[in-house]
Amino acid sequence: MKANPYQQLFDDQMNRFLEVGKTTYKERVSKLRKLKNALEYEYRQPLREALFSDFGKPFLETDLTEIYPILAEIKHIERHLRDWMRPKKVGNPLPMIGSRSYIEYESKGVCLILSPWNFPVNLTFDPLVSAIAAGNCCILKPSESTPATSQVMSEIVSALFDPSEITLVQGEVETAKALLELPFHHIFFTGSPAVGKHIMEAASRHLSSVTLELGGKSPAFVDETASMETTAKRLAWGKCLNAGQICVAPDYVLVTAKAKDALVQALENQLKSFFPQGASSSASYARIINTAHHRRLQDYLKSAVSQGAKILYGGGYSEENHFFEPTLIENVPEDAALLQEEIFGPVLPMVIVKDVDEAVDYINRKPRPLALYTFSKNKGAIRKLSANTRAGTACINHNVIHLSNNHLPFGGINNSGIGKAHGHHGFLAFSNERATVRQYTASSVDLLMPPYSDLKQRMMDATLRWFK
């Protein structure tokens, strides 16, 4: 059998994980501060240029969606990590009198972080920050679709960390497959549900724990009580950010018949306001990552139109420079790819519904989404949509922004993900919560050990009666 090319890297980290797991609050925060300073100062501009080279990401979007979230996460952890690391005392039941029970937070060990191309810096370093906070060793594997950015991240990691603790490897799909052959203690993957199934299958061979940050079709519901101007501004921003290549972008809009015309007009006005000279010539609009994804979007759009869908706005594209115009489309058949597959691009289907009840039924026919967005001033409709659906995350009268709150857990449910990330929830994802009991005095349980007798049975009966 051919030797695994990453076996030595893995073995080096296996030899160190217990040592790293014993690091103090100060030692862990020192590592995080080094990463924070590198991103904020020395490598901010190289990362901006790399992301622009990879897929035309505007510098401001890089600052907002790639650099800022990591700096905010580190700052949040600096404030709270000391408390998170402390053992937490818990109560004892009556039979355990004379003992103390508590939860210890220990590192999981050697972790694998597989990150995607759409937010390569954020989605590589955010889980790394959590892993460092919890005291783990890590091997990072970013996407091969953003080579310039991966190279800069590799330089950052090699400059800041000992490879026997944290290292980054680059490569194609075969690299990820080789890494997944190794018995990692935890795997953190961000990507599509389809690939997530393969990751979970690979993890099962070693019973590795997993955090799967997946995607799916995140719906937005809009009724006639919503402010159309504000709703359109926020939806247009959420859909155009990173050219729609974001797992929590609104994937389709369920709009009441009474609100549809006003919303479409407001969206058209907003898109023209965002890109006065057109998105194709705007420095505020990214490009599609590569030709394969561009053609996928072309196929989705052409197929929908051939099935009777109507483009309300946009629809233009250029394969040569991977440009795809923000596009509004209606009358899309429910079995069309635009309403079956995650779009991951700037195309927004409009689906007319009678009311919130019909919206609930529509959402519940689909796999559970990563995010659910409600735009309404009707408290009853908001409550009904929330109570009668399931989603990993939600926003009311906004979209996407919930990712920026480090106090909130982020993650999906079932098809849209397993496990949570960010802040304390990220720390817990990379920690083993060890249950510990320390006996200080004689134990009542000692009195009930064999050989059993009538007296011991009466004692047991009395204990059971206590619970009545």
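Just so you know, all these numbers are worked out from the coordinates, no wet-lab data involved. It should be emphasised that the depicted structure is a prediction, and the values quoted were computed from it without experimental measurement. Backbone-built Cβ (ideal geometry, glycine too); neighbour counts: all protein chains shown.
Cα gyration tensor of the stretch 346-396, axes a ≥ b ≥ c as square roots of the eigenvalues: rounded (a/c below 1.5), prolate (a/b > b/c) or oblate?
rounded
Just to check I understand the Karplus step: with θ = phi - 60° and J = 6.51 cos²θ - 1.76 cosθ + 1.60, what whole-Hz values come out for the stretch 459-468, glycine and proline as x?
Working through the residues one at a time gives 5, 5, 4, 5, 5, 5, 5, 4, 7, 6 Hz.
Skipping prolines and chain starts, which residues have an amide H placed within reach, meaning under 5 Å, of the one on THR211, given they are 5 or more residues away or on another chain?
Amide H neighbours of THR211: ILE187, PHE188, PHE189.
Determine ³J(HN,Hα), in whole Hz, for all residues of the stretch 228-244 in sequence, where each value follows from phi through the Karplus function 6.51 cos²θ - 1.76 cosθ + 1.60 and θ = phi - 60°; x replaces Gly and Pro.
5, 5, 5, 4, 4, 4, 6, 5, 4, 5, x, 7, 8, 4, 6, 6, x
What does the charge count around VAL169 come to, taking other residues whose C-beta lies under 12 Å from its C-beta (Lys +1, Arg +1, Asp -1, Glu -1)?
Once all neighbours under 12 Å are counted, the net charge is -2.
Length gain on complete extension for the stretch ILE396 to LYS302, per 0.36 nm per residue less the alpha carbon to alpha carbon distance?
Details: separation 94, 0.36 × 94 = 33.84 nm, distance 3.25 nm.
Gain on stretching ILE396 to LYS302: 30.6 nm.
Using 0.36 nm times the number of residues separating GLU172 and SER158, minus their current alpha carbon distance, what extension gain do you get?
3.1 nm
Considering the zone a paramagnetic label at ARG434 would reach in this model (a point 7 Å from Cα along the Cα-to-Cβ line), which residues of the stretch 99-115 have amide N under 16 Å from it?
Within reach of a label on ARG434, which here means backbone N under 16 Å from a point 7 Å along Cα→Cβ, the stretch 99-115 contributes 101-110.
Relative contact order of the stretch 388-468, please, whole-number percent, based on alpha carbon pairs below 8 angstrom and at least 6 residues apart.
About 16 percent, as a whole number.
Would you mind counting up the charge near GLU27? Only other residues with Cβ under 14 Å from its Cβ, with Lys and Arg at +1 and Asp and Glu at -1.
Once all neighbours under 14 Å are counted, the net charge is +4.
What percent do you get for the relative contact order of the chain when only Cα pairs under 8 Å and 6+ apart count?
In percent, rounded to a whole number, it is 18.
If neighbour count is taken as other Cβ atoms inside 10 Å, put LYS354, LYS468 in order from fewest to most.
Ordered by Cβ neighbours within 10 Å, fewest first: LYS468, LYS354.
Using helices alone, I'd like the mean residue ellipticity at 222 nm for the chain: each DSSP H run of four-plus residues gives -39500 (n - 2.57), total over residue count, nearest 500.
Calculated at 222 nm, the ellipticity per residue is -12500 deg cm²/dmol.
Hey, got the dipole for the chain? About the Cα centre, +1 on K and R Cβ, -1 on D and E Cβ, debye to the nearest 20?
Here the size comes out at about 1700 debye.
Using the structure shown, select from LYS177/LYS239; LYS57/LYS302; LYS36/LYS57; LYS379/LYS420; LYS233/LYS302 the pairs with a Cα to Cα distance greater than 23 angstrom. List each step's numbers first, then the result.
Details: LYS177/LYS239 32 Å; LYS57/LYS302 26 Å; LYS36/LYS57 21 Å; LYS379/LYS420 28 Å; LYS233/LYS302 27 Å.
Long pairs (Cα-Cα over 23 Å): LYS177/LYS239; LYS57/LYS302; LYS379/LYS420; LYS233/LYS302.
Gap in Å between the Cα centre of the stretch 321-384 and the Cα centre of the stretch 256-294?
Their Cα centres are 16 Å away from one another.
Near ASN122, within a Cβ-to-Cβ distance under 10 Å, what is the net charge of the other residues, with Lys and Arg +1 and Asp and Glu -1?
On the way: positive: none; negative: GLU66, GLU73, ASP126.
Net of charged neighbours comes to -3.
Distance between the C-alpha centers of the stretch 166-195 and the stretch 1-43? Whole Å please.
16 Å
Under the rule of at least 5 residues apart or a separate chain, name every residue whose amide H is placed under 5 Å from the amide H of LYS420.
So LYS420 has HN proximity to no qualifying residue.
If each residue of separation counts as 0.36 nm, what is the full-extension length gain between GLN8 and ASN92 once their alpha-carbon separation is subtracted?
25.7 nm
Fewest to most neighbouring Cβ within 10 Å: what's the order for GLU27, GLU224?
Listing GLU27, GLU224 from fewest to most nearby Cβ atoms yields GLU27, GLU224.
Going by amide H atoms built from the backbone, whose H comes under 5 Å of the H on ASN415, apart from near neighbours?
Result for ASN415 returns ARG368.
Please compute the contact order of the stretch 219-411 in relative form: average sequence separation of alpha-carbon pairs under 8 Å and at least six residues apart, divided by the residue count, as a percent.
Relative contact order for the stretch 219-411 comes out at 28 percent.
Could you tell me the center-to-center distance, by alpha carbons, between the stretch 47-79 and the stretch 409-455 in angstrom?
The two parts, judged by their Cα centres, are 37 Å apart.
Which ³J(HN,Hα) values, rounded to whole Hz and listed in residue order, are derived for the stretch 42-55 from phi using the Karplus coefficients 6.51, -1.76 and 1.60 in 6.51 cos²θ - 1.76 cosθ + 1.60 with θ = phi - 60°, glycine and proline given as x?
Using θ = phi - 60°, the values come out as 4, 10, 4, 5, x, 5, 4, 5, 5, 5, 5, 5, 6, 7 Hz.
Treat the count of other C-beta atoms within 10 Å as a stand-in for reagent exposure and order TYR300, TYR25, TYR452 from fewest to most. Could you put the intermediate results ahead of the total?
Details: TYR300 23, TYR25 16, TYR452 10.
Ordered from fewest to most neighbouring Cβ atoms within 10 Å, TYR300, TYR25, TYR452 come out as TYR452, TYR25, TYR300.
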